[in-house]
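The values are calculated or read from the model by the stated rules, or taken from the named source; none is laboratory data. The structure presented is a predicted model; accordingly, all values stated were derived computationally and were not measured. Positions of Cβ are generated from backbone atoms using ideal geometry, with glycine treated the same way; all protein chains shown enter the neighbour counts.
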Amino acid sequence: MNDLHISQRHMRLAETVSRQLVNALTRRKLQPVFSEFYITHLAGLTPLIAVLDTAKLGDHNPYTSQDLLHQLSTDLGGLPVYLSNHSGIRYVILLSPLPKLPRKVDLPLDIPRGELAVGVRFSGQPVLLEWETLLHLAVLGATGSGKSIFLQSLVLQAVRDEMKILLSDIDQTTFGMLEGHPNLAAPIASTPQEALGLIEQAIAECDRRAELFRQVPERPQKLGEYNALMVKQGKEPLPRVLVVLDEASSVLTALGGAKGAMGQALATLGWRGRKFGIHFVFAAQEFTKDILGPVRDQVGLALCFRVGNAQMAERMGCKGAARIPESRPGLAISNRHGPIQTFFVEQSALGVRQSLLPTLTDLEQTLFTRALAEGGRLSRARVIEWGSVTEWQARKFLEAWALRGWVSKDAKSDNAFMTTEKIHDLLTNHPTAPTASNPLQPSPTGLEPKN
Ligand SMILES: Nc1ncnc2c1ncn2[C@@H]1O[C@H](COP(=O)(O)OP(=O)(O)OP(=O)(O)O)[C@@H](O)[C@H]1O
Ligand SMILES: [Mg+2]
């Protein structure tokens with residue numbers, strides 16, 4: 001025990017919990033080889049930390065499964081049990097009730113690129129996830145619990161990150177304002193058949209990307225690797241793709257459930273999409289075992305807003321979501337991060353082009369403005385001189401911008417890039433608007449719209 005001020009009650013509770021934890025592991029034929037127990041203060045909480053001596057364990061997996069964490073929590077009378085496996089394996093057991101999360105937090109503007117901000121934790125820290133590791137998302141919640149606002153926050157971020165987007169919105173209440181947006185790779189689906197069409201389009205895009213990957217001798221295994229290689233060769237990178245299905249259960253049910261066409265297509269996209277940077281999110285008021293089954297393993301993040309059915313939340317690894325009160329829309333339990341207050345976006349934000357633009361840092365603003373004024377060329381030397389950065393930083397910046405399609409390799413010089421139309425548009429604030437006759441803007445690198 002450390003020398004922080006810990007109440008007598010917490011001390012006694014910690015002792016009891018430590019004993020119970022040892023018994024709980026033993027009962028499951030797991031080894032209770034704890035090297036240390038300690039209480040600490042962490043982000044306003046008082047958790048007991050139980051450190052396993054990993055050197056004495058065989059296979060680590062049984063000690064870190066979500067199932068085990070749930071069972072331990074049950075054995076400990078419902079105290080929340082989390083896993084911290086940054087170094088070794090530690091169980092983090094909360095000894096005090098959870099403090100309150102804020103009721104409403106606006107989506108911040110300064111989210112790092114390539115990352116997804118989900119919401120805030122008790123500590124006030126945002127939950128930031130990388131698309132690459134996130135795979136796909138499942139979102140569950142009763143009516144009015146905050147699903148659609150959450151999906152809007154995802155789409156807003158995806159647009160800012162210059163991803164391509166496919167949307168299904170059967171009720172036509174969630175994404176109407178995005179109709180015709182240049183990042184959409186197809187019109188918004190409003191029937192189950194159209195939703196199936198979107199998934200098929202995304203699978204076709206996997207095929208197309210598989211072929212592109214095959215043509216690269218280095219055999220990239222992830223979109224990030226492929227894009228890095230393309231940029232080196234002065235070619236255009238492929239954008240990530242986000243497929244969003246609101247009201248997914250009704251779509252699935254209408255098309256024959258998990259074994260029907262939609263269930264099968266989703267399962268296929270689930271395992272194929274990960275390599276090619278194609279991610280999907282499905283949201284619904286309920287998920288039966290049957291529906292969740294085929295895609296469960298492909299879901300990196302499950303998020304349950306308020307639900308009526310405790311079992312349904314538990315099945316998704318989001319125990320406790322049934323206890324969220326009706327008065328707390330936007331509050332959710334995540335399978336990976338516990339309780340999160342998800343970010344709020346104004347409905348109208350999606351309609352405002354300004355809020356959908358990627359934000360340029362001051363440095364970028366300065367560099368690109370100057371580059372454009374001087375003919376558009378941006379050599380490494382210019383970045384170093386104009387931006388007062390090191391050679392290494394300049395190289396990293398240029399690589400990152402090339403990945404975003406903001407600069408492309410200057411054919412005439414090895415270390416120089418040219419700013420692209422995109423940057424011109426961003427700076428002059430006139431993003432290419434979709435025309436009425438051609439709302440889809442087919443691009444050679446993006447998704448081809450399906451006819
Ligand atoms: N993150 C949030 N923070 C604060 N309030 C929120 C948040 N999300 C939703 N709300 C409030 O809850 C209301 C309902 O949210 P939303 O439309 O997202 O629910 P839903 O789960 O999609 O419901 P349905 O299943 O009926 O479509 C919103 O209009 C808003 O007032
Ligand atoms: Mg909704």
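Worth a mention:
- If the condition is being more than 8 Å from ligand 1 (Cβ to nearest atom), closer than 28 Å to residue 103 by Cβ and surrounded by 20 or more Cβ atoms within 10 Å (Cβ to Cβ), then segment 132-151 contributes 137, 138, 139, 140.
- Qualifying residue in segment 178-200 (condition: among the charged types (D, E, K, R), within 16 Å of ligand 1 (Cβ to nearest atom) and in the same structural domain as residue 282 (by TED's automatic domain parsing)): no
- Extreme residue, surrounded by the most Cβ atoms within 10 Å (Cβ to Cβ), among residues of segment 203-260 that are within 16 Å of ligand 1 (Cβ to nearest atom) and acidic (Asp, Glu): 246
- Taking segment 264-303 as the range and being surrounded by fewer than 20 Cβ atoms within 10 Å (Cβ to Cβ) and either among the basic types (Lys, Arg) or without any contact (Cβ under 8 Å) to a residue 40 or more places away in the chain (or both) as the test, the residues that pass are 264, 267, 271, 272, 275, 288, 289, 290, 293, 294, 296, 297.
- When the residues of segment 116-142 are filtered to those that are outside any helix (DSSP H, G or I) and polar (S, T, N, Q), the one that is farthest from the chain's Cα centre (by Cα) is 123.
- Test: residue in segment 90-100 that is in contact with a strand residue (DSSP E or B) (Cβ under 7 Å, 6 or more places away or on another chain), assigned to a strand (DSSP E or B) and within 14 Å of ligand 1 (Cβ to nearest atom): no
- In segment 388-418, of all residues being of a type in the set (A, V, I, L, M) and touching a residue at least 40 places away in the same chain (Cβ under 8 Å), the one that is surrounded by the most Cβ atoms within 10 Å (Cβ to Cβ) corresponds to 402.
- Restricting segment 230-272 to residues that are assigned to a strand (DSSP E or B) and within 30 Å of residue 420 (Cβ to Cβ), the residue that is farthest from ligand 2 (Cβ to nearest atom): 241
- Of the strands (runs of 3 or more DSSP E) lying entirely inside segment 304-383, those containing at least 2 residues that are modelled with pLDDT of 90 or more and crowded, with 20+ Cβ neighbours inside 10 Å span 331-334, 338-342.
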